1. Quick one: is Q97 under 16 Å from K172 (Cβ atoms), surrounded by fewer than 13 Cβ atoms within 10 Å (Cβ to Cβ) and out of contact with any Leu (no Cβ under 8 Å at 6 or more places or on another chain)?
2. When you look at L15, is it within 20 Å of V151 (Cβ to Cβ), surrounded by 15 or more Cβ atoms within 10 Å (Cβ to Cβ), over 18 Å from the mean Cα position of the chain (by Cα) and not charged (D, E, K, R), yes or no?
3. Looking only at segment 130-140, filter to residues that are touching a residue at least 40 places away in the same chain (Cβ under 8 Å) and buried (at least 21 other Cβ atoms within 10 Å of the Cβ); which one of those is nearest to H25 (Cα to Cα)?
4. Out of T33, T53, which single residue is touching a Lys or Arg at 6+ places or on another chain (Cβ under 8 Å), over 24 Å from R137 (Cβ atoms), part of a helix (DSSP H, G or I) and not hydrophobic (A, V, I, L, M, F, W, C)?
5. Output the residues belonging to segment 42-58 that are farther than 14 Å from F98 by Cβ and surrounded by 12 or more Cβ atoms within 10 Å (Cβ to Cβ).
6. Does S126 meet the test of being under 30 Å from I182 (Cα atoms), in a helix (DSSP H, G or I), free of Cβ contacts under 8 Å to residues at least 60 places away in the same chain and not basic (K, R)?
Amino acid sequence: MKVYTKTGDKGTTLLIGGTRVPKHHIKIEAYGTVDELNAYIGLLRDKIDKQYTTELIQIQDRLFTLGSFLALDTAKKTLPNGRPRLNITPISEKDSQFLEQKIDQMEDSLPPMTHFVLPGGHEQVSVCHICRTVCRRAERKITYLNEVEPVDENLIKYLNRLSDYLFVLARKLSKDLQVEEIPWIPK
């Protein structure tokens, strides 16, 4: 199988189900941003302590799943025989609960927040904040898509929780690396 198909040379791409749409379609913007987030989380995984590898790989797996459901043509969710077109476990409440559990575990060792903090202080922390902001952009794209066609609320909730996780992970990394968190004090 070749990587290039030439079918997108005129600016369109296929959704899962076979419908061709412009590459700037909101569905493509949404799952493309999730793909970008997944790549940045791969970079984060390469840069931080290996103790986070397993959970970051699990998050990357869930992001591929999330992107697959976004790429599905909603009018063609099932095959002609009535079976689901995607035979993968969808994002569920359990996935968001996993992130909540990890957030709670990290927060137990962190001082309470009194101010917003400026991103940075160490490359690992900065990459984590980049992941968080890309996650927020993916969330914005998906909520916009949801105005055009319904999106499973578990997808939106998962991304919202993931951005929280990434923020807390950035704080945890700052603590682990003994990096000073610089509070934002409005002037």
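Read-outs throughout are calculated quantities, based only on the coordinates presented, and are distinct from any laboratory measurement. Predicted model only: the values in this text are computed from it and were never measured. Quick reminder, even Gly has a Cβ in these numbers, built from the backbone with ideal geometry, and neighbours come from all protein chains shown.
1. Working: under 16 Å from K172 (Cβ atoms): no; surrounded by fewer than 13 Cβ atoms within 10 Å (Cβ to Cβ): yes; out of contact with any Leu (no Cβ under 8 Å at 6 or more places or on another chain): yes.
No, not satisfied.
2. Yes.
3. The selected residue is A138.
4. That would be T53, the only listed residue that is touching a Lys or Arg at 6+ places or on another chain (Cβ under 8 Å), over 24 Å from R137 (Cβ atoms), part of a helix (DSSP H, G or I) and not hydrophobic (A, V, I, L, M, F, W, C).
5. Filtering segment 42-58 for residues farther than 14 Å from F98 by Cβ gives 42-51, 53.
Listed by number, the residues that qualify are G42, L43, L44, R45, K47, I48, T53.
6. yes
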